[in-house]
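Chemist: Here it is, the structure in full.
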Amino acid sequence: MIIEIFAAGMVVSAFLAIFIDEAVYSVAALAATFALTSLLYAFSGAIFVAVFQFAVAVGTLAILFLSGEMLSEKSAKKTTWKKILLVFVVGVVLSLPALLFSVSGTNNVPFTVPFGEALWNLRAVDVVIQGLVIMTVALGIIIVLHERNGAK
């Protein structure tokens, strides 16, 4: 039951990260998404993946927070609590099927590799791609900041 609650929280916080207009609150919601992802990995028995996910999340959040603060224009329009509540409710509604319905638990997998070991040892390609995406985002932010400073 705790895993389903973490998964629902992850969906809600991801929704908030996408739909909140203010960069600081959006990055805070993204931090909650990353933290809940790490907790899901930890509760599934993949401790090393949870630590790796947490470490990548800290670096990603630092880059996004700094770039969001430096590149976003400060608008006088603030995000209303009504909009935040609406986005929160939509996230909860979208996560309800995962909480209420379940798929039959027939397991026809011929090998018995533990989840943590399979996740850590069999994910080399997507871990490298995840690192590549983070490096590309960091490089893009550096280019934008360099161009912005050169224009002054």
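The values are calculated or read from the model by the stated rules, or taken from the named source; none is laboratory data. Quick caveat, the model's predicted, so the values are computed rather than measured. Every residue, glycine as well, gets a Cβ built from its backbone with ideal geometry; the counts of neighbours run over all protein chains shown.
Chemist: Does any residue in the range 56-67 that is assigned to a helix (DSSP H, G or I) come within less than 6 Å, Cβ to Cβ, of a residue that is surrounded by fewer than 17 Cβ atoms within 10 Å (Cβ to Cβ) six or more places away or on a different chain, and which pairs are these?
Modeler: Final answer for the pair search is Thr60/Ile134; Ile63/Ala138.
Chemist: If you don't mind, another one. If you check every pair at least six apart or on different chains, which have Cβ atoms under 8 Å apart with a residue in the range 14-27 that is surrounded by 19 or more Cβ atoms within 10 Å (Cβ to Cβ) first and a residue that is among the hydroxyl-bearing types (Ser, Thr, Tyr) and assigned to a helix (DSSP H, G or I) second?
Modeler: Listed pairs, sorted by first residue: Ala14/Thr33; Leu16/Tyr25; Leu16/Ser26; Ala17/Ser26; Ala17/Thr33; Ile20/Ser26.
Chemist: Considering only the range 59-92, how many residues are modelled with pLDDT of 80 or more and surrounded by fewer than 12 Cβ atoms within 10 Å (Cβ to Cβ)?
Modeler: Qualifying residue count for the region: 2.
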